[in-house]
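Here the structure is laid out as structure tokens; the discussion comes afterwards.
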Amino acid sequence: MEKPILAAILSVSGTALNDKEKFLLEKSNPAGIALFGRNIQDKQQITKLINEIKTVIGRDDILIAIDQEGGRVRRLTPPHFRPYASHIDIGALPLNEAKRASELHAKLIATDLKELGINVNFAPCLDCYKDNTTQALKSRCLSDNPNTVSILGKIMVDTYIKNGIIPCIKHLPGHGAAISDPHLGLPEITLSIDELESELIPFRNCNYSPLAMTAHILINSIDNQNPLTQSTLGIKKLIREKIRFDGFLVSDAIDMHALKGTLEEKANLSINAGCDCINYSLGKTEELSELADKCPKLSDTGKQRLDKALQILHNNDEQADIETLSAEYTKLLSTISPYNDSYDATEVLHKLQSEE
């Protein structure tokens, strides 16, 4: 009999598993593990950590996820890994060049991830920025134009899938209208349902993505009591019906300050509202223990959606001269001035939490 899978993508504290983490991961059998800057030194170390995780949990099909968007939000950084442009820089190119840059961006990142044993990228971001979009998000958006975001985002999604990496579109149903950082508090969106329509366009056009991530936002016109991640009505009406996304739905990190309550409460509210799986990023051993005991197990529907996503791992695009592609990518991006961005919201949250 198969061991039930914890409806969680968990995280760990360092560059190798400690004994407590080994016990908790074996016990809980999570759907996946997300890697962050604190988990990464170099290629050899990451590969060893991933193999250790798979051995302890006892499954080869575990999701090994990372935020490798580009710009400030990338966990694999020089000198051991290639630099990658932010989404906003790619979108600033003329459209034909932006389309090629989007393909190269996803192809090169997919190559990096596969070499290490990482199989999920929490990307691309399909949010559309506005003049007052929070700096936690703006550089991570491809454009302020939903159609441009759709075109470039679709190229990235298709390229990741073609190259055997599971993409995760985010942040459903659109986060661009938020003027505050959900890592630090709950943004409130005052757009009407009609005004939200343009925000949904990129997600609807990429709704075949195997994974998607929710936004921690309060949308008053849909549910003025619950953050979208924990809103049964919001997930049903916007994500499952209007966007028509039927894949594996992951919450944004439940340790973000936008959500209130204990980890158990946040996990249960998110799963009960319609997320297939929660995402936990801080890697604290005592919190890992709480989730191992209290987080729900993956539902039958969630397991079916996960199994469908895992089929992508069998894909393998034709071999290419990666250094030639990398040089082309660098040349394309050299024609614009990079967006000035120094704010990595996830790392800011981790720093704040470590000081508490």
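The values are calculated or read from the model by the stated rules, or taken from the named source; none is laboratory data. What you see is a predicted model, and the numbers here were worked out from it, not measured in a lab. Cβ coordinates were reconstructed from backbone atoms using ideal geometry, including for glycine residues, and neighbour counts include every protein chain displayed. Ligands, DNA and RNA are stripped out before the accessible areas are found, and what is left, the full protein with its side chains, is counted by its heavy atoms. Shrake-Rupley method; radii C 1.70, N 1.55, O 1.52, S 1.80 Å.
If you wrap segment 168-226's Cα atoms in a convex hull and average its projection over all directions, what's the area in nm²? Don't jump to the answer; show the numbers that get you there.
Values: hull surface 16.3 nm².
If I average the Cα hull's projected area over directions, I get 4.1 nm².
Report for the chain the percent antiparallel among DSSP-assigned beta bridges with both residues inside it, nearest 5. Kindly include the intermediate steps, with their values, before the conclusion.
Details: 3 of 28 bridges.
Bridges in the chain that DSSP calls antiparallel: roughly 10 percent.
Express the carbon and sulfur contribution to the solvent-accessible surface of the chain as a percent, rounded to the nearest whole number, probe 1.4 angstrom. List each step's numbers first, then the result.
Details: 6920 of 14270 Å².
For the chain, the apolar C and S fraction of the accessible surface comes to 49 percent.
Rolling a 1.4 angstrom probe over the protein chains, ignoring ligands and nucleic acids, what is the accessible area of Leu186 in square angstrom, nearest 10?
70 Å²
Net charge around Ala16, counting only other residues with Cβ within less than 11 Å of its Cβ (Lys, Arg = +1; Asp, Glu = -1)?
Numbers: positive: Lys22, Lys48; negative: Asp19, Glu21, Glu52.
The answer is -1.
Dividing the Cα convex hull volume of segment 78-187 by residue count, how many Å³ per residue is that?
Values: hull volume 12.0 nm³, N = 110.
Per residue, the Cα convex hull of segment 78-187 comes to 110 Å³.
Before rounding to the nearest 500, sum -39500 (n - 2.57) across all DSSP H runs of length at least 4 in the chain and divide by the residue total; then give [θ] at 222 nm in deg cm²/dmol.
Numbers: 11 runs with 137 residues, N = 356.
Value at 222 nm, helices only: -12000 deg cm²/dmol.
At a temperature of 20 °C and a viscosity of 1.002 mPa s, determine how fast segment 217-268 diffuses translationally according to Stokes-Einstein, using the Kirkwood radius over alpha-carbon pairs as Rh; express D in µm²/s, rounded to the nearest whole number. Provide the component values of the computation, followed by the final result.
On the way: Rh = 11.7 Å.
The Stokes-Einstein estimate is 183 µm²/s.
For segment 245-328, what mean projected area does the convex hull of the alpha carbons give, in nm²? Can you show the working numbers first?
Details: hull surface 35.2 nm².
In nm², the orientation-averaged hull projection of segment 245-328 is 8.8.
Please give the per residue accessible area of the chain, computed with a probe of 1.4 Å over protein heavy atoms only, in Å².
Values: 14270 Å² over 356 residues.
On a per-residue basis, 40 Å².
Beyond 29 Å between alpha-carbons counts as too far, so tell me which of Lys99/Lys138; Lys260/Lys303; Lys114/Lys237 fall in that bin. If you can, show how the numbers build up before the last one.
On the way: Lys99/Lys138 20 Å; Lys260/Lys303 27 Å; Lys114/Lys237 36 Å.
Checking Cα-Cα distances, Lys114/Lys237 exceed 29 Å.
Take every Cα pair under 8 Å in segment 1-117 that's 6+ residues apart, average their separations, divide by the length, and report that relative contact order as a whole percent.
Working: 133 pairs, mean separation 25.6, N = 117.
Averaging sequence separation for qualifying contacts and normalising by length gives 22 percent for segment 1-117.
When ranked by the protection proxy of mean other Cβ atoms within 10 Å per residue, highest first, what sequence do the peptides 166-173, 17-24, 217-224 form?
Values: 166-173: 27.0, 17-24: 16.2, 217-224: 18.9.
Going from most to least packed, we get 166-173, 217-224, 17-24.
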